[in-house]
1. Which pairs do you get when a residue that is closer than 14 Å to LEU72 by Cα and assigned to a helix (DSSP H, G or I), found in the range 30-57, comes within reach of a residue that is at pLDDT 90 or above and small (Gly, Ala, Ser), reach meaning Cβ atoms under 6 angstrom, with the pair 6+ apart or on two chains?
2. State the number of residues belonging to the range 49-70 that are under 20 Å from GLY10 (Cα atoms) and among the β-branched types (Val, Ile, Thr).
3. For the range 19-26, does any single residue satisfy the condition of being of a type in the set (Lys, Arg), outside any loop (DSSP other than H, G, I, E, B) and farther than 18 Å from TRP69 by Cβ?
4. Return only the number of the condition from (1) of a type in the set (S, T, N, Q); (2) touching a Gly at 6+ places or on another chain (Cβ under 6 Å); (3) closer than 20 Å to VAL18 by Cα that THR73 does not satisfy.
5. Here are some conditions: (1) charged (D, E, K, R); (2) at pLDDT 90 or above; (3) not in a helix (DSSP H, G or I). GLU89 meets all but one. Which one does it not meet?
6. Evaluate the range 60-72: report whether one residue or more is more than 12 Å from the chain's Cα centre (by Cα), part of a helix (DSSP H, G or I) and aromatic (Phe, Trp, Tyr).
7. Among the residues in the range 13-35, are any at pLDDT 90 or above and surrounded by 12 or more Cβ atoms within 10 Å (Cβ to Cβ)?
8. Could you check ASP63 against (1) among the charged types (D, E, K, R); (2) surrounded by 13 or more Cβ atoms within 10 Å (Cβ to Cβ); (3) farther than 22 Å from GLN4 by Cβ and say which number it fails?
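The values are calculated or read from the model by the stated rules, or taken from the named source; none is laboratory data. Fair warning: this is a prediction, and the values are worked out from it, not measured in the lab. Quick reminder, even Gly has a Cβ in these numbers, built from the backbone with ideal geometry, and neighbours come from all protein chains shown.
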Amino acid sequence: MIIQLILSLGLAGCLFYVMSLGRSSLAMKIALFVTVVIGFIFVWFPDTTSVIARQVGVGRGADLVMYLWIVLTLLFIVRLHLKLRELTEAMTQLARRIALNDTEAD
């Protein structure tokens, strides 16, 4: 019971973070919100993970949660990589414009 409370507090913190995302994409907000809600369900009804795991062909509920966590983590890493790439390209374009403006000013 104590671990459920601790995990619920952590999930509530994540939920607060999701709700505080200002200009983030709606799809990302929805994905994070759904992930947190599923986390609450898995924490408070742990037997459901075993039932779902058996239905999809995984031996234990804990294994299913671990597999889902790995997939979600990889998806977020890819998203962060793409965002970093986008920001790097924008910074390169900005540096080029500044350099061209500096040469025209001289």
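1. Partner pairs satisfying both residue conditions: none exist.
2. Residues in the range 49-70 being under 20 Å from GLY10 (Cα atoms) and among the β-branched types (Val, Ile, Thr): 3 in total.
3. no
4. So THR73 meets the others, but not (2).
5. Answer for GLU89: the failing condition is (3).
6. The answer is yes, given that some residue of the range 60-72 is more than 12 Å from the chain's Cα centre (by Cα), part of a helix (DSSP H, G or I) and aromatic (Phe, Trp, Tyr).
7. no
8. Unmet for ASP63, out of (1) among the charged types (D, E, K, R); (2) surrounded by 13 or more Cβ atoms within 10 Å (Cβ to Cβ); (3) farther than 22 Å from GLN4 by Cβ: (3).
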